[in-house]
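First comes the structure, then the notes that go with it.
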Amino acid sequence: MKLLFACYLFWPRIGGTETFAHILAQELSKKEKISLSVLTATPYEGEEPFPYRVIRTINPYNPFSVFLVTLNAGIILYNHLPIKLCWASALLNKPYGIIIHRYLSFKGIKGIFYKWILKKAKIIVGVSQAIVDHLPYKAKTIIIPNPYDDSLFSLPKEENRPQDILFVGRMVSEKGPIDVLKALMLLKQEKIDLTASFVGYGPEEVNLRAFVKANDLEQWVDILGPKTQQEVADLMKKHKILVVPSLWNEPFGIVALEGIASGCVVIGSEGGGLKDAIGPCGLTYPNGDVYQLASKIKEVIKNPELFHSLRMHAKEHLKKHTKQACGEKYYNIVKMLHCCDRSSSCRRQ
């Protein structure tokens with residue numbers, strides 16, 4: 001099965017979509033019956049560290065180069081919906097599937113293109129129920145939850161969690177990092193002093209540092225900046241609670257899976273697909289409700305039995321999110337696309 005896995009963004013970029021693409025490419029490359037090539041617009045000048053071919057020379061703004069690489073592909077799986085890469089598949093009637101990670105707008109000219117490309121796809125995958133609910137053509141849409149790197153994020157052999165709260169994510173307002181500090185201040189009014197660590201980078205870091213200084217939180221808050229995946233895994237093992245306080249409706253939330261696998265209880269906003277990622281391993285609250293966020297943190301910190309009972313669900317919850325489980329589900333999709341390719345080849349003959 002000659003598979004082209006098209007990812008507009010790929011390693012060495014860092015991000016949820018890129019991490020997913022890296023994990024899935026690894027898993028599919030292990031299948032003996034698949035000949036895998038990854039197509040990406042992400043540049044990299046060094047030697048490729050992968051056991052499969054990575055095509056980075058294509059210019060997504062050059063229609064001829066996109067058309068040519070698509071023409072030579074057997075079956076195609078698109079990571080999200082990059083119009084610049086996937087228009088040729090729809091035009092050529094190639095058998096392809098699309099994995100949708102984020103909400104799409106179906107307004108205007110771009111929306112018309114989205115619907116055309118989705119309509120021509122053999123199968124559409126949504127990473128959560130929230131994503132599937134907003135998509136057209138539900139008859140050919142299925143849910144496959146995102147995986148996490150279970151070789152990196154795992155329970156430590158010895159439990160030692162001296163830190164209280166951890167935030168990991170982009171430092172932008174819609175991710176809600178400032179809400180964690182506001183919740184800390186509410187808890188301090190109740191004489192509950194907790195530590196908090198922030199990992200990530202972005203424009204909101206300036207506001208966080210200003211808030212910490214204005215409220216004399218230097219003793220309790222560490223703003224650590226960006227970290228490697230290994231460093232994040234190590235930090236998660238030292239914290240009790242991972243907070244995912246997004247103000248918008250997250251499509252999913254791989255970071256929640258990483259926290260659960262590392263032994264954290266996760267508290268996150270309930271809108272969108274984040275609640276699917278958290279499952280029975282944490283608590284949720286209405287997006288943007290700082291008082292409810294503070295209440296949930298207090299509930300976990302003050303109730304060790306609740307903390308341990310939420311963690312007890314982790315093993316069962318994470319089974320469907322391992323790399324291997326995810327890889328098997330997408331392998332079945334590749335086989336289905338291959339059958340479509342063989343059927344169309346027979347009709348052409």
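The values are calculated or read from the model by the stated rules, or taken from the named source; none is laboratory data. Predicted model, so just to flag it, every value in this text is computed and none were measured. FYI the Cβ positions are ideal-geometry reconstructions off the backbone, even for glycines, and counts take in every protein chain you see. Accessible surface areas use protein heavy atoms only, side chains included; no ligands, DNA or RNA. Shrake-Rupley method; radii C 1.70, N 1.55, O 1.52, S 1.80 Å.
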Query raised in the report: Just checking, how many residues over the range 1-24 are within 21 Å of Gly253 (Cβ to Cβ) and of a type in the set (A, V, I, L, M, F, W, C)?
Result: 9
Query raised in the report: (1) within 19 Å of Glu204 (Cβ to Cβ); (2) open to solvent by 20 Å² or more (accessible area, probe 1.4 Å): which one isn't true of Gln292, the others all being true?
Result: (1)
Report summary line: Taking the range 260-296 and keeping residues without any contact (Cβ under 8 Å) to a residue 12 or more places away in the chain and among the hydroxyl-bearing types (Ser, Thr, Tyr) leaves Ser295
Report task. Pull up the range 75-84, narrow it to residues that are touching a helix residue (DSSP H, G or I) at 6+ places or on another chain (Cβ under 6 Å) and touching a residue at least 60 places away in the same chain (Cβ under 8 Å), then point me to the one that is surrounded by the most Cβ atoms within 10 Å (Cβ to Cβ). Result -> Ile76
Report task. Only residues in the range 1-27 that are more than 22 Å from Val232 (Cα to Cα) count as the first member; pair them with residues that are of a type in the set (Asp, Glu) and open to solvent by 20 Å² or more (accessible area, probe 1.4 Å), Cβ under 9 angstrom, at least 6 apart or cross-chain, and list the lot. Result -> Met1/Asp341; Lys2/Asp341; Glu27/Glu328
Query raised in the report: Could you give every pair whose Cβ atoms fall below 7 Å, whose first residue belongs to the range 202-221 and is closer than 22 Å to Gln163 by Cα and modelled with pLDDT of 95 or more, and whose second residue is open to solvent by 30 Å² or more (accessible area, probe 1.4 Å) and part of a helix (DSSP H, G or I), counting only separations of at least 6 or pairs across chains?
Result: Leu208/Ile178; Phe211/Ile178; Asn215/Met185
Query raised in the report: Out of the residues in the range 34-64 that are open to solvent by 30 Å² or more (accessible area, probe 1.4 Å) and not in a loop (DSSP other than H, G, I, E, B), which is farthest from Arg13 (Cα to Cα)?
Result: Phe64
Query raised in the report: How many residues does the range 278-325 hold that are over 21 Å from Ala261 (Cβ atoms) and either among the small types (Gly, Ala, Ser) or at pLDDT below 95 (or both)?
Result: 3
Report summary line: Inside the range 16-40, the number of residues satisfying the requirement of being of a type in the set (Gly, Ala, Ser) and under 18 Å from His321 (Cβ atoms) is 3
Report summary line: Note on the range 166-181: residues of a type in the set (A, V, I, L, M), more than 18 Å from Asp222 (Cβ to Cβ) and more than 18 Å from the chain's Cα centre (by Cα) are none
Query raised in the report: Considering only residues of the range 137-174 that are basic (Lys, Arg) and under 23 Å from His317 (Cβ atoms), which is least open to solvent (accessible area, probe 1.4 Å)?
Result: Arg161
Query raised in the report: With respect to Val206, is the statement that it is farther than 17 Å from Leu293 by Cβ, open to solvent by less than 60 Å² (accessible area, probe 1.4 Å) and within 29 Å of the chain's Cα centre (by Cα) true?
Result: no
Report summary line: Over the range 140-193, the set of residues at pLDDT below 95, under 24 Å from Ala25 (Cβ atoms) and aliphatic (A, V, I, L, M) is Leu152
